[in-house]
Amino acid sequence: YLLLVLFSLVAIGYALTGLHRQTKHSQALVDIEFKASTLLRSLRQNLLTQERLFRQALVLRDEELGLLFLARNEEFGEQWQQLAAIPGNAFVDLQQAVALYRAAQAPCRELLQKARWDETGSCTEELGQARDNLLGTLDRNIADSEGAIDRQLAELTAQSRRAYRITALLALLGIGLSAPVVATVVIGIHRSVRELLEATRQIAEGRFDPSIPLDRRDEFGQLAREFARMGEKLRELKESSLDANPLTRLPGNLALERELTARIESGEPFSQLYFDLDHFKVYNDRYGYQAGSEIIARVGTLIR
C-alpha cells in the first residue's frame, strides 16, 4: 500500500506541478503575447482606416468623414495605451514611430477640425511618411509577436509531452514494484470475502454463531467482529419474536425478565407499570372469545 501510494503521490505531485507551470505559461501567453498580437493588428487596421477616412474627407470636404477620422484617431490612442501597458513588452521602436506619427498628425488634426481643407492638404505628405514608417514598424512587430507565439507554443507542447512521459513512467514504475503486494492483497481479500459469504449463508440458515476468524487486525477482521455482534442481535431478536404475545406483539415473559434483570443490575431507578382490564372475564363470557381477543389486540396496539 505505502509503496503504491508513494509512487502515486510522486506522479501526481509531478503532474500537478507540471500542470501548474503550463497553466501559468498559457496564461502569460494569452495575457501578453496573444493580447499584444491582437492589439498590434488592431493598430494597423485602425491606421489604414484613418488614412482612408482622411483622404475621403479631403476629397469630398465632408465634415462627418473628418469627425470619423478624429474618432478613429482617439481609438488609436486608447489601443496604443493598452499595448504600452502590457508588461514585458517595451516596443521602443514602435513607441518612437507612434510619437513621430502623432507629431506629424497634430497640425492636420487641428486644420481638419476647423474644416480648413486647402491648408489641410499641405500636411498630407509629412503625415503620409510618418504613417508609412509606423505601418512598417507595426508589420515588423506583428511578425516578431507571431514568431514569439509560435516558439512559446512549441515550448509548451514540448513541456506537456515531457511531463506526460515522466508521469507515466513514475506511475508504471509504482505499479510494477507494487505488483507482488497487490497480488498478496487481492488473494487476502478474496479469502476474506469467501469467509464472510459463508458466514452470511450460516446466519441466513438460522445459525447465529458463524465460524469466522475474529482475531484479524485489518478491515475484514473488524467486519467479522461486526458479523458476530449482528448474529448475537439476531438471536436476541428471534428469541424476542418467539416469546412475543401472538395477539399484542408485545414482549413476552423472557424479554421482560431479561429487561428487568438488566435494569436492577444497572442500579438506576426505573418504574414498572401494570395494566389490567376491569370486568374482562364478564365481557369475554358475554360476547365470546373472538371479541375478547380483539379487545386485547386493541389494547396492545394502544400500548405500542
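The values are calculated or read from the model by the stated rules, or taken from the named source; none is laboratory data. It should be emphasised that the depicted structure is a prediction, and the values quoted were computed from it without experimental measurement. Positions of Cβ are generated from backbone atoms using ideal geometry, with glycine treated the same way; all protein chains shown enter the neighbour counts. Side chains included, ligands, DNA and RNA excluded: accessible areas come from the protein's heavy atoms. Shrake-Rupley method; radii C 1.70, N 1.55, O 1.52, S 1.80 Å.
Can you list residue pairs whose Cβ atoms sit under 7 Å apart, with the first residue in the stretch 128-144 being charged (D, E, K, R) and the second being assigned to a helix (DSSP H, G or I)? Count only pairs 6 or more apart in sequence or on different chains.
Between residues of the stretch 128-144 that are charged (D, E, K, R) and residues that are assigned to a helix (DSSP H, G or I), the close pairs are Arg131/Leu47; Arg131/Glu51; Arg131/Tyr101.
Give the residue that is modelled with the highest pLDDT, with candidates limited to residues of the stretch 117-150 that are open to solvent by less than 70 Å² (accessible area, probe 1.4 Å) and within 18 Å of Gln56 (Cα to Cα).
That would be Arg131.
Under 8 Å between Cβ atoms, at least 6 apart or on separate chains: pull out the pairs that start in the stretch 189-207 with a residue that is over 15 Å from Glu226 (Cα atoms) and among the aliphatic types (A, V, I, L, M) and end on any residue that is surrounded by 13 or more Cβ atoms within 10 Å (Cβ to Cβ) and modelled with pLDDT under 70.
Pairs found: Ile189/Phe220.
Just name the residue that is surrounded by the fewest Cβ atoms within 10 Å (Cβ to Cβ) out of those in the stretch 216-246 that are over 47 Å from the mean Cα position of the chain (by Cα) and at pLDDT 70 or above.
So in the stretch 216-246, the residues over 47 Å from the mean Cα position of the chain (by Cα) come out as 235-236, 238-246.
Filter again for at pLDDT 70 or above, leaving 244-246.
Numbers: Ala244: 16, Asn245: 13, Pro246: 8.
For the stretch 216-246, the residue satisfying everything is Pro246.
Residues being part of a helix (DSSP H, G or I) and farther than 30 Å from Leu138 by Cα: count how many of those fall in the stretch 1-43.
First, pick out the residues of the stretch 1-43 that are part of a helix (DSSP H, G or I): 2-43.
If we keep only those that are farther than 30 Å from Leu138 by Cα too, we end up with 2-21.
Of the residues in that region, 20 qualify.
Can you tell me which residue among Arg258, Arg249 is part of a helix (DSSP H, G or I) and either modelled with pLDDT of 75 or more or of a type in the set (Lys, Arg) (or both)?
Details: Arg249 fails: part of a helix (DSSP H, G or I).
Only one candidate qualifies: Arg258.
Could you please tell me which pairs satisfy a Cβ distance under 7 Å, a separation of 6+ or placement on different chains, a first residue in the stretch 50-73 that is open to solvent by 20 Å² or more (accessible area, probe 1.4 Å), and a second residue that is among the small types (Gly, Ala, Ser)?
That search, which allows pairs on different chains as well, returns Leu58/Gly121; Glu63/Ala115; Leu65/Ala57.
Can you find even one residue in the stretch 75-82 that is modelled with pLDDT under 75, touching a helix residue (DSSP H, G or I) at 6+ places or on another chain (Cβ under 7 Å) and of a type outside the set (D, E, K, R)?
Step one: of the stretch 75-82, the residues modelled with pLDDT under 75 are none.
There is no residue in the stretch 75-82 that is modelled with pLDDT under 75, touching a helix residue (DSSP H, G or I) at 6+ places or on another chain (Cβ under 7 Å) and of a type outside the set (D, E, K, R).
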